[in-house]
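Since the structure comes first, as structure tokens, the remarks are kept for the end.
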Amino acid sequence: MKRVVIIFLSIVWALSVCASKMDSLQWRVGMEVSPAYVIPTNSSLKGDNLYGDKVHCSFAGSLRGDFSFNPHSREGRLYQGLYQGIGVDLRTFFRHRFLGEPVSLYVYQGAPFKHFSNRLWLGYEWRFGAAMGWGDRTGDLGLGYTNGAISTRVTAHMSAGIKLHYALDPHWHLSLSVDVTHFSNGNTSFPNSGINTAGISIGAAYVINPQPKAEDPGDAMKEEADKGRWMWDVMAYGAWRKRHVVIEGTEMLIRGNYAVAGLQFTPMRKINRWFSTGVALDMKYDRSSGLVPYWKGGYYMEAEFDKPPFGKQLSVGLAAMAEFTMPIFSVSAGIGYNLLNPKEEKRFFQMLAVKAFLTRNVYLNVGYRLGDFKDPQNLMLGIGIRVGNN
């Protein structure tokens, strides 16, 4: 997960670079408290652990800082109310010896989609980052894995919610949101059942330098921004993963981490300034695929395999893609089917990713891939080039 942290810090760097090049930004600092219910999605959270601890709830406190665009700039006029920033939170599950008290570093972005008045509006917000400092993984008595939910010190932290904002005055804003959060190590270690929460966040923020309301972009600017056009993404990605196999009717986790490398080509049609759709050609080499026919002997951590031919570990698929596009960040999702796939892999797969644009045409990709909406496959940590992003 060190690579996840490096990618995350690179995104933070990209955000700060973008901010440093923009004049007259509106800056805001704030804090939030977030009580949440822990959804009992695995037996470890229900008490099946060394300590017998049942996990029902969590509580987090966050410090945040963000900026909005100059209301006279093109971005400020076209994306009114959009904000993006960096946050840190400390979370407790009230089971310190079991889960610890992880600290998350994350980037976030949000925007209004419904104004009830000049002071009250409803919007969305997503967060993506890394949670560090999880608790027990092997148990005080050395009895093997006791944490079936989280087995690494660092995990991904993903969250999304609907947020109600109220401006007390030009400087002070209050917020109330309903959100869901997911923690996962991306199948880089085992176990990887993950932790999911659903809760609320109550926040207060101070606007350091209030800006006037953004000017209307005018018909010509909106027409140009919403003009349909083709874009082409080419992305290379990589990761590492664990692998389960079934040999002679026995399901087992085999030892070691296995490399994953991929190349994705995605022609996309821009529908308007916010949304794009397209089809991705995804080619992935997975060093852990197709091993069973090359089993030499042994079980579990003692299992040994010959290396399969390259073609037995290569998958090629097509995926329908949708992308929510905003300045600096884009969030993309895809549903695909592997036309060529190795053994032990799901043909039906899904992808979710955040793209952070270092320049107008170069972006970092932090994504996650599943099979059949439930089976973890691998992270997608990569860099891409977008052609036609004008």
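The values are calculated or read from the model by the stated rules, or taken from the named source; none is laboratory data. Model, not experiment: these values are computed from the prediction. Backbone-built Cβ (ideal geometry, glycine too); neighbour counts: all protein chains shown. Ligands, DNA and RNA are stripped out before the accessible areas are found, and what is left, the full protein with its side chains, is counted by its heavy atoms. Shrake-Rupley method; radii C 1.70, N 1.55, O 1.52, S 1.80 Å.
Details
- Checking I202, I195 one by one, the residue that is open to solvent by 40 Å² or more (accessible area, probe 1.4 Å), touching a strand residue (DSSP E or B) at 6+ places or on another chain (Cβ under 9 Å), within 30 Å of G87 (Cβ to Cβ) and among the hydrophobic types (A, V, I, L, M, F, W, C) is I202 and no other.
- Checking F69, F8, F59 one by one, the residue that is at pLDDT 90 or above and touching a strand residue (DSSP E or B) at 6+ places or on another chain (Cβ under 7 Å) is F59 and no other.
- Residue check, E101 under 24 Å from F324 (Cα atoms), open to solvent by 10 Å² or more (accessible area, probe 1.4 Å), at pLDDT 90 or above and of a type in the set (D, E, K, R): no
- Filter result (over 30 Å from Y299 (Cβ atoms) and open to solvent by less than 80 Å² (accessible area, probe 1.4 Å)) within segment 225-261: A225, D226, G228, R229, M231, D233, V234, M235, A236, Y237
- Scanning segment 90-112 for residues that are farther than 21 Å from K355 by Cβ and assigned to a strand (DSSP E or B) yields L90, R91, T92, G100, E101, P102, V103, P112.
- Checking R77 against (1) over 25 Å from the mean Cα position of the chain (by Cα); (2) exposed (fewer than 15 other Cβ atoms within 10 Å of the Cβ), the condition it does not meet: (2)
- For first residues located in segment 205-218 and open to solvent by 70 Å² or more (accessible area, probe 1.4 Å), partners that are in a loop (DSSP other than H, G, I, E, B) and lie 6+ apart or on another chain with Cβ distances below 7 Å form the pairs Y206/H171; P212/P71; K213/P71; E215/P71; E215/H72.
- Restricted to segment 295-334, and to residues there that are open to solvent by less than 40 Å² (accessible area, probe 1.4 Å) and assigned to a loop (DSSP other than H, G, I, E, B), the residue that is farthest from G76 (Cα to Cα) is G298.
- One residue alone among Y337, Y368 is within 16 Å of the chain's Cα centre (by Cα), more than 24 Å from R273 (Cα to Cα) and open to solvent by 30 Å² or more (accessible area, probe 1.4 Å), and that residue is Y368.
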